[in-house]
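The values are calculated or read from the model by the stated rules, or taken from the named source; none is laboratory data. Because the structure is a prediction, the values reported are computed rather than measured. Every residue, glycine as well, gets a Cβ built from its backbone with ideal geometry; the counts of neighbours run over all protein chains shown.
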Amino acid sequence: MENVKLAHISDLHICFNYKKQNIERTKKIIESALEENVDHLIITGDISDNSNENDYIILRKILETYNLFDSSKTSIIIGNHDIFGGVQVMSDIYNFPQKCYKTNYEKKVQVFFQYFKELFENTITVSKNIFPYAKIINNIALIGLNSVDKYSKIKNPFASNGKVSKQQRLELKKLLDFPILKSKIKLIMIHHHFYKKKMKSSSSFNALWGKIESYTMKLRGKKKLIKLFKKRNIKAVLHGHSHELLEYQRKGIKFFNAGGSVENNDIKEYGFFIIDVNEKIIQSKLKLLNFEPINEIVSNPAELTLTI
């Protein structure tokens with residue numbers, strides 16, 4: 001059985017106006033992954049920092065430059081910033097909930113798909129919905145989910161909480177019943193994390209904002225998902241969302257968080273996971289990179305760039 005080497009990155013937060021350094025960091029990460037001779041690149045959401053279509057064009061061009069804009073070479077899923085955007089400067093805090101309320105969720109998902117439709121070619125689905133989907137790479141089945149929950153003033157006030165809808169879970173079960181997936185090593189690609197612990201804030205704005213943020217970045221219904229993953233013999237889950245680099249286990253399933261690839265709570269640690277899959281054995285290593293210090297571009301030097 002042939003080895004497959006995966007590179008897992010996440011949370012690129014590309015933003016030409018406010019985070020130009022993330023464009024260069026993304027290039028360096030991809031160059032480093034190619035030096036490792038990886039077979040397939042996985043990006044688990046938050047491509048754009050502010051749901052801007054120009055950011056998608058930037059990533060498309062980067063992938064094209066490195067000959068990776070191909071479904072057999074790269075897989076991608078959507079994150080909450082790709083639908084709702086985020087808080088760029090302090091003045092955005094007051095307007096952000098209203099912006100989320102006015103966001104057309106379904107349209108944003110379709111826009112994301114249109115910019116990256118080449119990466120969704122030769123995938124397996126059970127309906128006209130984009131997610132869930134499965135992609136066969138040699139002996140692996142990569143399964144992409146959309147964990148971005150819809151906006152709610154009560155349950156999702158900053159549009160950063162996650163939830164996999166009941167319909168998507170039902171379609172996932174049908175997808176996993178496909179004979180072609182039975183003998184494959186199945187890996188889940190999803191944006192939101194599955195931590196049991198209280199997560200770290202990904203913002204250094206102030207103690208109050210950090211506390212708010214720590215309560216608004218949860219995945220609702222994760223116990224149901226883990227139970228389903230365990231029952232259907234999912235070997236590993238690749239995600240982002242929390243800006244750190246972490247490998248952990250739950251119910252015997254391996255979880256990889258590459259959310260700190262480009263922006264990290266630990267300002268000295270950036271990188272990505274290299275995941276080797278061979279004969280149902282999954283081995284991993286974390287490759288760390290050194291980046292230049294962040295020099296954010298903001299409209300007013302007195303304002304701070306924020307990430308929800």
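Taken across the stretch 75-88, residues that are over 20 Å from His241 (Cβ atoms) and either hydroxyl-bearing (Ser, Thr, Tyr) or out of contact with any Asp or Glu (no Cβ under 8 Å at 6 or more places or on another chain) (or both) do not occur at all. Kindly establish whether Asp49 is out of contact with any His (no Cβ under 8 Å at 6 or more places or on another chain), buried (at least 16 other Cβ atoms within 10 Å of the Cβ) and closer than 29 Å to Lys153 by Cα. Answer is no for this residue. Within the stretch 111-144, the residues that satisfy the criterion of being in contact with a helix residue (DSSP H, G or I) (Cβ under 9 Å, 6 or more places away or on another chain), aliphatic (A, V, I, L, M), closer than 19 Å to Lys182 by Cβ and crowded, with 18+ Cβ neighbours inside 10 Å are Ala134, Ala141, Ile143.
When the residues of the stretch 249-308 are filtered to those that are of a type in the set (Ser, Thr, Tyr) and either crowded, with 16+ Cβ neighbours inside 10 Å or at pLDDT 80 or above (or both), the one that is nearest to the chain's Cα centre (by Cα) is Ser261.
Does the stretch 201-212 contain any residue that is modelled with pLDDT of 90 or more and either buried (at least 22 other Cβ atoms within 10 Å of the Cβ) or closer than 24 Å to Leu12 by Cα (or both)? No, the conditions are met nowhere in the stretch 201-212.
All but one of (1) in a strand (DSSP E or B); (2) of a type in the set (A, V, I, L, M); (3) closer than 16 Å to Leu286 by Cα hold for Ile29; which doesn't? Going through (1) in a strand (DSSP E or B); (2) of a type in the set (A, V, I, L, M); (3) closer than 16 Å to Leu286 by Cα one by one, Ile29 breaks only (1).
For Ala7, are the conditions met, namely being under 20 Å from Leu187 (Cα atoms), assigned to a helix (DSSP H, G or I) and hydrophobic (A, V, I, L, M, F, W, C)? It is false that Ala7 is under 20 Å from Leu187 (Cα atoms), assigned to a helix (DSSP H, G or I) and hydrophobic (A, V, I, L, M, F, W, C). Out of all the residues in the stretch 229-249, which are in a strand (DSSP E or B) and either β-branched (Val, Ile, Thr) or free of Cβ contacts under 8 Å to residues at least 60 places away in the same chain (or both)? Within the stretch 229-249, Ile234, Lys235, Ala236, Val237, Leu245, Leu246, Glu247, Tyr248, Gln249 qualify. Check the stretch 46-62 and report whether any residue there is touching a Phe, Trp or Tyr at 6+ places or on another chain (Cβ under 9 Å), under 24 Å from Phe113 (Cβ atoms) and among the aromatic types (Phe, Trp, Tyr). There is at least one residue in the stretch 46-62 that is touching a Phe, Trp or Tyr at 6+ places or on another chain (Cβ under 9 Å), under 24 Å from Phe113 (Cβ atoms) and among the aromatic types (Phe, Trp, Tyr).
Under the condition of being in a loop (DSSP other than H, G, I, E, B) and either within 22 Å of Ile23 (Cα to Cα) or touching a Gly at 6+ places or on another chain (Cβ under 9 Å) (or both), the residues counted in the stretch 65-123 number 17.
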